[in-house]
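Down below is the structure, laid out as structure tokens.
Bear in mind that the values in this text are calculations on the coordinates, not laboratory data. Treat the numbers as computed from the prediction; the structure is a model and nothing was measured. Cβ placement follows ideal geometry from the backbone for every residue including glycine, while neighbour counts extend to all protein chains displayed.
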Amino acid sequence: MTLTRAGVLRRIDAAFPADPVVLTLGGTAREMVAVAGRRPNHLVNLDAMGQTVGVALGLALGLRGTRGGRVVAVEGDGSLLMGLSVLSTAGHLKPDNLVVLLLDNGVYLATGGQPTAAAGADLVAMALACGWAGAREVRTGEELTAALDWAREAAGPLLVRVFVGTEQIRTDYLLADPAILAEDFRRWLRAPTGGPADV
Amino acid sequence: MADEAERLAAIHTARSRAVIEGIESIDPDFVLHLASSTLGAVLAHFLAGPGARAGRTVFAMPREEEGVAVTCGLELAGRRPVMVFQDNGVGNLLTVLLTLPQAYHVPLYGVVARRGGLGEYNSMIHTVSERVEAILDAAGVRWFQLDARTPVEAWAPEIKRAWTYSRTTHRPVFTLVNLMGG
Ligand SMILES: Cc1ncc(C[n+]2csc(CCOP(=O)(O)OP(=O)(O)O)c2C)c(N)n1
Ligand SMILES: [Mg+2]
């Protein structure tokens, strides 16, 4: 059975309750809020398409050595393709705490489901060819469980390409002020609280 | 002719030194660069000279836009990054500037080498470079210019002030530096 994006997001939230998570624009961020609520460790990229992994890379480089754990980017296939050069930058710098969870539905879902060019692209091979420490594909719930365990432990940078369907859940628009999102996130970084009980 | 070439080379050397001094006064722990022949001396300092030192990460951004995203992450993590690139890349970074640091009130600083003015040797780069002030103004991105009108001794402190100003005002700020003749 095809994984759903909302289901995968719920699993990501449970797997990384106390690590910085950068959420990509569109339905991914909105569905995360719908399934997990507003988490202090989540930074929402409201509209900077193509830049989600770049922000996470900067955080990973900046936090490496000062804070244990991971920096997670939850990215879409269309957005990753817009900023694909970041694969080479991360592969070159090799932050061992960076994890990219790519939710690949094969389309620009937020704008109506137009197909992306991801279907014909071996993104796992690209990441590995760029020097990433690990990359793998996920199609089933069992593979997702194993991949999330791996992503919490193995030395990065790691890419997990999760194939998901195009089913969406109904959500409200995310009308948050980005300046407040950034400040909330910075405040959490300075004094991290963790785990579902904190929200 | 030879005199003019020597005069321009001396200007380039003195201004490059001032830019290095200015960036060093910020004490950046990350320097993100996109190469430019004009910036050769400045980049050499950070890549292979005294500016390449333990505790500092110096790396190329493949695209200015990506550099802004990575710099934003570094700033959010509490680091001291500086971007160094050439002004014909400004067109590549407007969307990301306006959707990340400007919108999220994240300070971000860059030193941008001017091209296309007096002393330019390339016959077409001015098509972008001459519009950079207008592009940044239209985008509402704050910038300061250092060129022949500012004594070179004042450059380094001005660069540090511009970095501070990006913190004071919680947004991207650039210093446009003319390392050529103008
Ligand atoms: C520069 C830019 N161009 C276009 C858009 C419009 N846009 C918003 S979300 C989106 C789709 C993103 O696709 P993907 O990353 O695959 O995520 P999905 O919607 O499939 O979850 C697009 C094209 C944008 N936000 N920014
Ligand atoms: Mg998609």
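Tell me, which residue of the range A:31-47 that is within 16 Å of ligand 2 (Cβ to nearest atom) and surrounded by 22 or more Cβ atoms within 10 Å (Cβ to Cβ) is nearest to the other protein chains (Cβ to nearest Cβ)?
Taking the candidates together, the pick is A:45.
Of these, A:54, A:50, A:78, A:58, which one is surrounded by 24 or more Cβ atoms within 10 Å (Cβ to Cβ), under 14 Å from residue B:66 (Cβ atoms) and near ligand 1 (Cβ under 10 Å from one of its atoms)?
Exactly one of A:54, A:50, A:78, A:58 is surrounded by 24 or more Cβ atoms within 10 Å (Cβ to Cβ), under 14 Å from residue B:66 (Cβ atoms) and near ligand 1 (Cβ under 10 Å from one of its atoms), namely A:50.
Would you check if residue A:83 is within 13 Å of chain B (Cβ to nearest Cβ), within 16 Å of ligand 2 (Cβ to nearest atom), under 17 Å from the mean Cα position of the chain (by Cα) and crowded, with 17+ Cβ neighbours inside 10 Å?
yes
Report, by residue number, each residue of the range B:29-52 that is out of contact with any helix residue (DSSP H, G or I) (no Cβ under 9 Å at 6 or more places or on another chain) and not in a helix (DSSP H, G or I).
Hit for the range B:29-52 is B:48, nothing else.
I'm told residue A:107 meets every condition in (1) more than 9 Å from ligand 1 (Cβ to nearest atom); (2) in contact with a Pro (Cβ under 8 Å, 6 or more places away or on another chain) except one. Can you identify the failing condition by its number?
With (1) more than 9 Å from ligand 1 (Cβ to nearest atom); (2) in contact with a Pro (Cβ under 8 Å, 6 or more places away or on another chain) applied to residue A:107, the lone miss is (1).
Please enumerate the residues belonging to the range B:141-182 that are in a loop (DSSP other than H, G, I, E, B) and either in contact (Cβ under 8 Å) with a residue 40 or more places away in the chain or surrounded by 14 or more Cβ atoms within 10 Å (Cβ to Cβ) (or both).
Selection gives B:141, B:147, B:148, B:150, B:169, B:170, B:171, B:178, B:179, B:180, B:181, B:182.
Out of the residues in the range A:110-125 that are crowded, with 17+ Cβ neighbours inside 10 Å and closer than 23 Å to residue A:157 by Cα, state the one that is nearest to ligand 1 (Cβ to nearest atom).
A:118
Do we find a residue being away from ligand 1 (no atom under 16 Å from the Cβ) and within 14 Å of chain B (Cβ to nearest Cβ) anywhere in the range A:128-142?
Yes, the conditions are met somewhere in the range A:128-142.
Which residues, taken from the range B:78-92, are within 13 Å of chain A (Cβ to nearest Cβ) and surrounded by fewer than 22 Cβ atoms within 10 Å (Cβ to Cβ)?
The answer is B:78, B:79, B:80, B:92.
Can you find a residue in the range B:39-55 that is surrounded by 16 or more Cβ atoms within 10 Å (Cβ to Cβ) and more than 25 Å from residue A:88 (Cβ to Cβ)?
Checked the range B:39-55: at least one residue is surrounded by 16 or more Cβ atoms within 10 Å (Cβ to Cβ) and more than 25 Å from residue A:88 (Cβ to Cβ).
Of the residues that make up the range B:22-35, is at least one over 15 Å from the mean Cα position of the chain (by Cα), away from chain A (no Cβ under 14 Å) and more than 22 Å from residue A:61 (Cα to Cα)?
Scanning the range B:22-35 turns up no residue that is over 15 Å from the mean Cα position of the chain (by Cα), away from chain A (no Cβ under 14 Å) and more than 22 Å from residue A:61 (Cα to Cα).
Can you tell me how many residues in the range A:88-110 are more than 9 Å from every other protein chain (Cβ to nearest Cβ) and either of a type in the set (Asp, Glu) or without any contact (Cβ under 8 Å) to a residue 60 or more places away in the chain (or both)?
5
Under 6 Å by Cβ, and 6 or more places apart or on different chains, what pairs join a residue from the range A:52-65 that is closer than 17 Å to residue B:28 by Cβ and more than 7 Å from chain B (Cβ to nearest Cβ) with one that is of a type in the set (Ser, Thr, Tyr) and in a helix (DSSP H, G or I)?
none
Give the residue that is farthest from residue B:169 (Cα to Cα), with candidates limited to residues of the range A:146-186 that are within 14 Å of chain B (Cβ to nearest Cβ) and touching a residue at least 40 places away in the same chain (Cβ under 8 Å).
Here the answer is A:157.
Tell me the residue from B:98, B:74 that is buried (at least 18 other Cβ atoms within 10 Å of the Cβ), touching a residue at least 24 places away in the same chain (Cβ under 8 Å) and either under 15 Å from the mean Cα position of the chain (by Cα) or not in a loop (DSSP other than H, G, I, E, B) (or both), please.
After applying the criteria, what remains is B:74.
Only one of (1) at positive phi; (2) out of contact with any strand residue (DSSP E or B) (no Cβ under 7 Å at 6 or more places or on another chain) is not met by residue A:121, so which one is it?
Failing condition for residue A:121: (1).
Among the residues of the range B:12-27, which ones are aliphatic (A, V, I, L, M) and crowded, with 19+ Cβ neighbours inside 10 Å?
Answer for the range B:12-27, where residues must be aliphatic (A, V, I, L, M) and crowded, with 19+ Cβ neighbours inside 10 Å: B:18, B:19, B:20, B:23, B:26.
Tally the residues that are touching a residue at least 40 places away in the same chain (Cβ under 8 Å) and among the small types (Gly, Ala, Ser), restricting the search to the range B:42-66.
Result for the range B:42-66: 0.
Scanning for something more than 9 Å from ligand 2 (Cβ to nearest atom), in contact with a strand residue (DSSP E or B) (Cβ under 6 Å, 6 or more places away or on another chain) and farther than 18 Å from residue A:168 by Cβ, does the range A:103-118 turn up at least one residue?
So far as the range A:103-118 goes, no, none of its residues is more than 9 Å from ligand 2 (Cβ to nearest atom), in contact with a strand residue (DSSP E or B) (Cβ under 6 Å, 6 or more places away or on another chain) and farther than 18 Å from residue A:168 by Cβ.
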